[in-house]
Amino acid sequence: MPTLSISATRIGRSRSRPAKLVRRIPALAALIAVAILCAAPVQAAPLLAERRADGPVERLVARMEARNPFFRVMFQDHPAERRGFIGALEAARRNGGVRAMQLMAVRYGAHMGRKYFPYYIARTSDDAARGYVRFVADTLTFLRLGSHDDCYAFLAGSARERARVLALLNAEERRRMLNVLAAVVVGSRSARSIKDGPNAYRRPLQAVIQRVTDRLGRDNMVRWRPGLVGDDRAKACDFALAFYEEILKRPAREGALVARGVLGG
């Protein structure tokens with residue numbers, strides 16, 4: 001999903017008024033959240049465009065910042081990304097309308113996620129780190145009820161596979177996703193200074209891996225990564241779910257250490 005780009009076939013210039021764009025804030029926000037959550041294994045190039053002062057897209061982004069601290073903190077920390085995001089959305093709106101804006105939001109979200117999310121998760125609070133782990137575990141559990149292939153697609157599938165399974169998430173789950181991401185970003189500012197050494201997570205991580213091995217058996221320990229086929233996809237899904245579940249079973253501090261150490265950068 002994060003690698004989608006605007007189709008070469010244009011669907012006409014948008015004549016949407018600012019009010020119509022504002023009504024689409026929740027949809028755009030959820031799309032960006034999806035892209036950021038799943039951006040880590042995806043290649044996405046920065047998108048550059050000129051910013052037009054105080055246009056409808058500028059007001060749209062300002063309202064997104066007002067409604068959710070995720071966008072407010074992210075764009076305060078990285079103002080160049082705010083300008084790039086506005087410019088990219090404006091270009092998409094001119095050339096393809098609202099649908100093109102949605103696709104551009106996904107692609108730009110992948111760019112921001114790949115670039116910044118590891119930074120924020122590595123510095124976030126214990127509660128926010130564990131909240132992120134719990135969200136991923138819950139989502140994997142839900143998708144595995146459909147099939148192991150759905151679960152694997154969420155973890156490391158192709159762009160087409162991700163788009164298919166992410167469409168299975170309802171509006172409530174997408175709102176939760178956005179709230180989880182906001183907690184991670186805001187938690188990086190509110191958390192007390194993290195004084196643990198760079199290798200402090202290794203011992204609790206080994207305890208987690210041992211528990212997963214005991215549950216699944218060594219022959220079933222297939223790490224999730226792009227390109228798996230057949231039974232390895234099911235094994236990777238089971239491994240990922242067990243891994244996140246065992247993080248949540250550790251004492252809170254240890255679980256947060258593992259989450260930050262493994263997912264951060």
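At a glance:
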read-out: Hull volume in cubic angstrom per residue (convex hull over the Cα atoms of the stretch 49-179); value: 124 Å³
read-out: Least to most buried among T141, T124 (fewest other Cβ within 10 Å first); value: T141, T124
read-out: Cα-Cα separations in the stretch 144-196 greater than 19 Å, expressed as whole percent; value: 48 percent
read-out: Alpha-carbon centroid distance for the pair the stretch 192-265 / the stretch 126-188, whole angstrom; value: 16 Å
read-out: J(HN,Hα) series, the stretch 246-252, from Karplus relation 6.51 cos²θ - 1.76 cosθ + 1.60, nearest Hz, glycine and proline x; value: 6, 4, 5, 7, 6, x, 3
read-out: Rh by Kirkwood over Cα pairs, then Stokes-Einstein D for the stretch 126-263 at 0.890 mPa s and 25 °C, µm²/s; value: 155 µm²/s
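Laboratory data are not the source of any read-out in this text; all were calculated from the coordinates shown. This structure is a prediction, so every number in the text was calculated from the model and none was measured. Counting neighbours? That spans all protein chains shown, and the Cβs are built from the backbone with ideal geometry, glycine included.
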